[in-house]
Every structure is written in C-alpha cells, then in structure tokens.
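Trainee: Please see the structure below; I have some questions.
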Amino acid sequence: MDLDAVRTFVAAADAGRFQEAAGALSITQQAVSKRVAALEKDLGVRLFTRTARGARLTIDGQAFLPHARELLRAEERAAASVRPGRRALRVDVIGRRLAPADLVRDFHRAHPGIELDVVTLFDADAALAAVRSGTIDASFRAVTVPARELPDGIAALRVYDEPLQLVTGPQHVFAGARSVRPGQLAGHRIWMPGLVAGTEWATFYDDLAAAFGLTIEATGPHFGTEPLLDTVADSATVATFVGEGTRLVWPAGQDLRRIPVQDPTPVYPHSLLWRSDNPHPALGALRAHLGSARREDGTWAPRWAR
C-alpha cells in the first residue's frame, strides 16, 4: 500500500477539504485527488463523497481511517527505530485548528531549519504515555493535576493562556454585544457536544460552569464543527464557546459572531509537557521560544491551573 496515499487520505479526512490537505502536505490539490483516487482503486471502495462544503468520509472511509492512522504510526516507529536521535522534533498539538498548532507554526517560522513532526493525540493519558515512551517529544495540554502528581520524569510548563469567546448566530440576544461577562451567560443555552467526560477540556468547562453558574450542554452526538455552527447560526437561543485561537471558517450567509468574554476573561491554560531527560536538541529551543505564561489581571482560570 502506498503510504504517501494513506498519509494524504488522513490529511484530507482531518481537514475536510482537499485544498486544505494540499496546503498541509505542500502538494497540489490535483496531487491530493490523484493519490486518494489511487488509494480508492487499490482498496476497491470510495473513501470520500464530494459535497459543496468539501469532502465527507463515506462509511468505508470512516472504517478505514483508524487503520490508516495506525499504518502511519507504524511507519513512524519503523523510521525512528533506525535513526535514533536524528528524527524530527515531534509535537502533539491536540488539534490542527486549535491554538497550540499556531504556537508551533510560530516556532517553525522563527526556526525554519528545525525539522518538525506535528501530531494530534486525543487525550492527556495518550499524550503522557507517548511522552514517557519517547514516541513524541512534547505535548500541549491543560494540566489538571498538581505538578507533584505528574508521572516521574515528566515536566510541565504553562506556556499560553487562551481567552475564551462566545459564538452566536445573528438572532441571539448577545449577537450585537462587543463583549459579555461570564455571569451574563447564566441561564442561556451553551451547547458543546464535543465535550468528552474525563478529558482535560471537559474538566475546564465543568469548572467554568461551576464558577459562574453556567449551564453547558454536551448532549447529543457530535457531528463535527460545521454542523455545530449550522445549529448556532440558525438559533436565537443556542451559543457555544471557542478559544480565541481556534480557527473557524463558515459561510458568509451564516453571519456568526465571535464575542470576547471579559470581566473576568476566562482563559484556557495550555501547558507544554515533556520528559525531563529527553535529549532532542530542538526541544530546548521550543521551550525557550514559548516562554512561560504570565497570568494577567482580570482573567479567570481553574484552581488547578494556578
């Protein structure tokens, strides 16, 4: 099986658009289409359905995706096994549309000579296991436990406090607001179907809700960002939260609003985790580039982040 085609399939599945996948892989959109078509021919199934909004995975595509990711992980492990100490700096950014991905892009612009591998792991347990094993060199996470409770040999530094924003449709009561206070949101519907119990982001939003008397709903299946924004755009009562650094794109007709939450400003506390004995020569450069987050007056963070 052509692993370049598998890698292209995974990139297209993550991006949801062949054009975005082409940019991420530094190839043309035509090359993405050809690689995916060749993989589909090899497998004998359709992996994507083209829509007006991009490329949607078929049922076969959804079934193949976790196996494709495992193929790429196996390739990475095989390559790393024969070039110890020489592989690219491997960093977990949680999601490619989230703020940590932008932090790593800024690092790459400042240090273009440093080779990078950017990966996305689902939760903190998986990230910690990968850091401990040396599969990855660093991970961006919200650390919900005291430093003394981290596994032996794991270091953490809070590197970025990301302000929260409220996303509403044009008919929402706060659609015209320049900013909103957290307390003003009590009694209003905030829908976040992507919250998964036990994850660090669910813990953050649970604590936020408790601190300001909010009701954050995580009910219903999570079909992705675009369907969530569709619902918010058409509703006069439903809103959602995003981080300031989260990259969102929506059709002009939706007229969605991103409204700063202030007085105080809730901030999502991103920390960098790494193994303290990791010898990778570029890890120190990444840590120096990021620095440490300084808590600003007028912000709120959970107790575990302080």
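Please treat every number below as a calculation from the coordinates, not as lab data. This is a predicted model, so every value here is computed, not measured. With ideal geometry, Cβ positions are generated from the backbone for all residues, glycine too; neighbour counts draw on all protein chains shown.
Trainee: State the label only: which of [x] 20.2, 70; [y] 18.4, 56; [z] 20.4, 59 corresponds to Rg and Dmax of the Cα atoms in Å computed from the shown model?
Mentor: Computing Rg and Dmax of the Cα atoms in Å and matching it to [x] 20.2, 70; [y] 18.4, 56; [z] 20.4, 59 gives [z].
Trainee: Averaging sequence separations of C-alpha pairs under 8 Å and six or more residues apart, then dividing by the length of the chain, give the relative contact order as a whole percent. List each step's numbers first, then the result.
Mentor: Details: 492 pairs, mean separation 64.9, N = 306.
With pairs under 8 Å counted, the relative contact order is 21 percent.
Trainee: Same structure again: Does anything in the range 249-276 have its amide N under 14 Å from the 7 Å Cα→Cβ label point of residue 179, and if so which residues?
Mentor: So the set is 259-267.
Trainee: Whole-Hz ³J(HN,Hα) for each residue in the range 283-296, computed from phi via Karplus 6.51 cos²θ - 1.76 cosθ + 1.60 with θ = phi - 60°, x for glycine and proline: what do you get?
Mentor: These are the phi-based 3J(HN,Hα) values: 5, x, 5, 5, 4, 5, 5, 6, x, 10, 6, 10, 5, 8 Hz.
Trainee: Calculate for the chain the 222 nm mean residue ellipticity that helices alone would give, adding -39,500 (n - 2.57) per DSSP H run of length 4 or more and normalising by residue count, nearest 500 deg cm²/dmol.
Mentor: Working: 9 runs with 113 residues, N = 306.
About -11500 deg cm²/dmol.
Trainee: Please report Rg (one decimal) and Dmax (integer) in Å for the Cα set of the range 119-278.
Mentor: 17.3, 53
Trainee: As a footprinting exposure proxy, order 34, 41 by other Cβ within 10 Å, with the fewest listed first.
Mentor: Ordered by Cβ neighbours within 10 Å, fewest first: 41, 34.
Trainee: Still on this structure: Working out 0.36 nm times the residue gap between residue 88 and residue 74, then minus their Cα-Cα distance, what length gain in nm do you get to one decimal?
Mentor: 3.5 nm
Trainee: With θ set to phi - 60° and the Karplus curve 6.51 cos²θ - 1.76 cosθ + 1.60, what are the ³J(HN,Hα) couplings of the range 222-239 in order, to the nearest whole Hz, using x for Gly and Pro?
Mentor: 9, 8, x, 5, 4, x, 4, 5, 4, 5, 4, 5, 8, 10, 8, 10, 9, 9
Trainee: Under a plain spin-label model, where a point goes 7 Å from the Cα along Cα-to-Cβ, how far apart in nm are residue 234 and residue 114?
Mentor: 4.5
Trainee: For residue 133 and residue 206, what is the calculated FRET efficiency with R₀ set at 41 Å and r taken between the beta-carbons, to the nearest 0.05?
Mentor: The formula returns an efficiency of 0.90 here.
Trainee: Taking amide hydrogens as modeled 1.01 Å from N in the peptide plane, which residues meet the under 5 Å criterion relative to residue 262, leaving out close sequence neighbours?
Mentor: Here the answer is 180, 181, since their amide H atoms fall under 5 Å of that of residue 262.
Trainee: I've got another one for you. With only Lys, Arg, Asp and Glu charged, each at its Cβ (+1 for the first two, -1 for the last two), find how big the charge dipole of the chain is about the Cα centre; round to the nearest 20 debye.
Mentor: 500
Trainee: Lys and Arg at +1, Asp and Glu at -1: add these up for the other residues within a Cβ distance under 13 Å of residue 302 and post the number.
Mentor: Result for the neighbourhood of residue 302: 0.
Trainee: Something else about it: Determine, from the Cβ-Cβ distance of residue 215 and residue 62 and an R0 of 45 Å, the FRET efficiency 1/(1 + (r/R0)^6), rounded to the nearest 0.05.
Mentor: According to the calculation, E is roughly 0.90.
Trainee: May I pose another question? Whose amide H sits under 5 Å from the amide H of residue 162, counting only residues 5 or more places off or on another chain, with H placed in the peptide plane?
Mentor: 268, 270
Trainee: Please list 3J(HN,Hα) in residue order for the range 44-55, calculated via the Karplus relation 6.51 cos²θ - 1.76 cosθ + 1.60 where θ = phi - 60°; whole Hz, with x for glycine and proline.
Mentor: Once θ is set to phi - 60°, the couplings for the range 44-55 become x, 9, 8, 9, 10, 10, 6, 10, 5, 9, x, 10 Hz.
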